[in-house]
1. When both residues are 6+ apart or on different chains and their Cβ atoms are under 7 Å apart, which pairs have a first residue that lies in segment 621-640 and is in a loop (DSSP other than H, G, I, E, B) and open to solvent by less than 10 Å² (accessible area, probe 1.4 Å), and a second that is of a type in the set (Phe, Trp, Tyr) and within 7 Å of ligand 1 (Cβ to nearest atom)?
2. Report, by residue number, each residue of segment 209-227 that is open to solvent by 60 Å² or more (accessible area, probe 1.4 Å), part of a helix (DSSP H, G or I) and either more than 17 Å from Ser267 (Cβ to Cβ) or in contact (Cβ under 8 Å) with a residue 12 or more places away in the chain (or both).
3. Would you mind stating whether Pro600 is more than 16 Å from ligand 2 (Cβ to nearest atom) and within 28 Å of Ile498 (Cα to Cα)?
4. Could you please tell me which pairs satisfy a Cβ distance under 7 Å, a separation of 6+ or placement on different chains, a first residue in segment 504-521 that is open to solvent by 40 Å² or more (accessible area, probe 1.4 Å), and a second residue that is at pLDDT 90 or above and part of a strand (DSSP E or B)?
5. Looking at (1) within 15 Å of ligand 2 (Cβ to nearest atom); (2) at pLDDT below 80; (3) open to solvent by 20 Å² or more (accessible area, probe 1.4 Å), which is the one condition that is false for Arg474?
6. Find the residue count for segment 51-67, including only residues that are under 16 Å from Ala158 (Cα atoms), open to solvent by 10 Å² or more (accessible area, probe 1.4 Å) and of a type outside the set (D, E, K, R).
7. Among the residues of segment 618-642, which ones are away from ligand 2 (no atom under 13 Å from the Cβ) and of a type in the set (Asp, Glu)?
8. So which of Leu206, Leu181 ends up being out of contact with any Gly (no Cβ under 9 Å at 6 or more places or on another chain), surrounded by fewer than 14 Cβ atoms within 10 Å (Cβ to Cβ) and modelled with pLDDT under 85?
Amino acid sequence: MVSFDGAASRRMLARLRDVMAGSGSGQERLDKIVTLIRAEMRADVCSCYVMRAGEVLELFATEGLNKTAVHNTRLRVGEGIVGDIAAHARAIALDNAPSHPSFAYRPETGEDPFLSLAGVPILRGGKVRGVLVIQHKERHRYTEEVVEVLQTIAMVVAELVAAGELVNPQEVAATGDPVLLPTRLSGAALNPGLAMGLAVIHRPQLTIRQMVAEDAGTELERLNQALASMHDAIDKLLAATALAGLGEPRDILETYRMFAEDRGWLSRIREAIRKGLTAEGAVQQVQDDTRARMSHMTDPYIREKLLDFEDLTNRLLQHLSGRGQDGAGALPEDTILVARSMGPAELLDYDRHRLRAVILEDGSPSSHVSIVARALNIPVVQATEALSRIEPLDPLIVDGDHGAVYVRPAEDIQMTFSESVALRAMKEQVYAETRGLPSVTRDGVPISIVLNCGLLFDLAHLHASGSEGIGLYRTEIPFMVRSSYPDVQAQTELYARILDEAADKPVVFRTLDVGGDKVLPYISAGAEEENPALGWRAIRIGLDHPSLLRQQLRALLRAAAGRPLSVMFPMIAEVAELDAARRLLELELTRLRAHGVEEPSRLRVGVMLEVPSLLWQLPALLPRVDFVSVGSNDLGQYIFASDRGNPRTAHRYDPLSPAMLTLLKRLVEACGEARVPLSICGEMAGKPLDAMALIGLGFRTLSMSPPSVGPVKTMLRSLDVAALRQYMDGLYQRGDHSVRIKLRAFAQDHGVVI
Ligand code: PEP
Ligand code: MG
């Protein structure tokens with residue numbers, strides 16, 4: 001049995017270094033490497049497969065198999081044991097390989113006499129670039145140490161593969177580089193908007209020139225210095241964000257600092273250095289390893305944590321290279337960042353005034369970086385092959401509305417997009433001009449426009465947009481970007497900041513609405529739910545965990561201290577739930593008084609109308625509440641039994657359908673009779689045509705995201721409500737799927753700006 005101690009591993013790495021640094025083509029060096037590994041590991045075979053286009057693994061070098069198989073034997077990812085290693089990015093060690101279910105025999109290699117096999121993926125930049133294999137004739141049990149040594153060697157080989165020097169000689173003659181032709185990448189829209197600019201590759205893969213160290217002591221010292229300088233830089237960033245009043249990014253950075261001190265992470269890096277790698281090599285190896293282990297996990301918390309560690313790894317590598325925070329100064333005027341993944345703090349490293357869009361290979365709408373990008377109003381698209389298709393400074397067009405990226409776009413596409421961008425800018429200008437104008441319809445009906453917010457950033461829009469207040473503050477967003485539950489003190493400070501910034505404008509705080517697609521890393525839903533939208537979410541969690549809801553209510557009451565406070569409970573399905581939530585609020589009020597803390601000057605309690613059952617309890621509900629707000633996003637999905645998160649069903653039914661409009665009209669009437677203020681805060685309220693219909697139904701308060709204020713205000717100022725009401729009377733009884741076309745025709749005929 002081969003065994004490897006630290007000294008043996010260091011000796012082999014030193015020899016590898018000599019080969020890597022020596023003369024010869026990439027192929028010649030790879031040939032020397034497999035020969036060296038076979039000898040050092042006393043194996044009968046050492047082979048290296050390299051990943052080619054189309055997910056094919058090609059045998060590039062071997063010592064022990066038939067040489068004629070080199071460049072001829074090819075395996076698909078997933079085919080045979082080698083393909084299996086690549087498919088799962090995971091090492092395999094087998095003492096009896098032919099008995100493995102994935103074993104695929106390739107006669108041209110002459111591998112039939114070999115019984116045992118150990119193979120590891122060659123990883124680089126989170127991708128499998130090849131597979132390194134050793135084989136033995138006799139039955140052989142591979143120790144964990146041997147597999148680890150192979151993994152370390154694979155990192156060195158990865159450098160050779162990534163350098164692009166390895167080519168199949170039969171294909172050298174191939175001409176034309178398809179990579180440089182105009183391309184359209186389609187992906188997922190993570191944040192809407194349109195942008196043109198030049199590609200800046202975020203933290204381009206640093207070429208780690210030296211993987212193998214001369215002396216472990218020196219490397220450990222270099223690591224310590226880089227860690228110190230990285231901590232220092234994060235602290236400076238923290239101080240700067242505190243000065244700029246950026247609340248959530250600051251929380252995120254604090255999480256970073258915590259991760260940067262993660263003992264497990266640091267000790268794995270130090271261990272890799274002791275085994276013979278340079279500090280850079282060790283940091284990279286630990287990251288590749290973590291990524292390979294975690295990449296198949298779908299748990300959003302783990303994926304988020306992985307992104308945080310990627311960010312840290314990149315930062316640490318920058319500090320090891322002596323470059324610290326770089327790049328920001330040299331950005332083109334219109335920068336489009338392209339990244340495999342990115343932490344939210346990394347996004348904040350860039351000059352916000354030059355950033356036009358972000359393209360991520362790995363990201364989701366709820367990832368931290370998307371949340372921060374949304375607050376900065378930057379379009380974000382997730383496109384799987386971005387890094388392999390985009391070169392630095394390539395002209396790009398990012399369509400965040402449709403999830404598309406145009407790489408090196410042809411002139412006609414550039415022209416079309418320039419026109420769209422210019423048109424948008426012109427419209428923005430028109431909207432900006434309505435800012436100071438009264439929000440009143442053409443026939444004199446005042447409409448109150450309020451905002452949907454969730455980040456401190458958003459509050460800047462409150463005063464700039466000319467809106468009257470915040471109709472929906474989604475308190476869960478600050479919770480989602482933290483790694484642990486914020487305590488009462490932290491929540492009190494946050495809510496007080498929001499009230500301070502809103503000054504005399506009213507704010508409606510919605511209590512935690514998590515569950516469904518909004519996952520909090522630190523609240524486990526236990527078993528996975530089959531129907532999360534119908535599952536354990538929002539007020540249901542709050543009532544099952546009263547201490548959680550009570551802490552939030554306590555913080556809200558304290559933050560208000562002498563000021564008015566409006567609290568809204570989400571997803572209420574029955575009056576009894578509202579009563580239960582109110583009881584918790586009463587308990588907190590009593591506690592507040594007992595502690596002699598100042599009470600809010602006025603306390604208003606409302607519900608979100610999102611669950612249809614509540615519509616049949618209005619006589620009992622309305623006397624109990626100070627206001628009602630329609631959450632049309634959820635109400636729509638429950639009324640039509642049509643998942644809002646499923647692309648197949650999300651747009652199947654139209655909110656401008658006779659069913660939805662009739663239901664909303666009855667609600668307007670019931671609230672009017674009971675004199676309970678009614679508003680609407682779902683997406684409908686922010687779309688000009690839908691908002692027009694809502695005003696026609698009798699809604700007088702619309703709550704929307706900040707970019708919708710201009711278009712909706714422009715619409716309503718051109719609207720004659722009396723004429724619309726009369727027109728809509730003929731729509732409720734119809735049997736159509738939707739009356740959208742009819743409403744649009746009304747708008748056109750009556751000069752309503754949609
Ligand atoms: C809604 O359901 O309409 C709503 C505003 O809440 P959210 O989109 O946060 O679920
Ligand atoms: Mg909702």
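The values are calculated or read from the model by the stated rules, or taken from the named source; none is laboratory data. Predicted model, so just to flag it, every value in this text is computed and none were measured. Reconstructed Cβ throughout: ideal geometry from the backbone, glycine too, with neighbour counts over all protein chains shown. The protein model used for the area step is the full one, side chains on, heavy atoms only, and it has no ligands, DNA or RNA in it. Shrake-Rupley method; radii C 1.70, N 1.55, O 1.52, S 1.80 Å.
1. Taking only residues 6 or more apart or on different chains, not a single pair turns up.
2. To start, the set of residues in segment 209-227 that are open to solvent by 60 Å² or more (accessible area, probe 1.4 Å) comprises 209-210, 214-215, 218, 221-222, 224-225.
Right, trim to part of a helix (DSSP H, G or I) and you get 218, 221-222, 224-225.
Within segment 209-227, Thr218, Arg222, Gln225 qualify.
3. Working: more than 16 Å from ligand 2 (Cβ to nearest atom): yes; within 28 Å of Ile498 (Cα to Cα): yes.
Spelling it out, Pro600 is indeed more than 16 Å from ligand 2 (Cβ to nearest atom) and within 28 Å of Ile498 (Cα to Cα).
4. Taking only residues 6 or more apart or on different chains, the pairs are Pro506/Pro564; Pro506/Ser566.
5. (2)
6. The qualifying residues number 1.
7. Asp626
8. Working: Leu206 fails: surrounded by fewer than 14 Cβ atoms within 10 Å (Cβ to Cβ).
It is Leu181.
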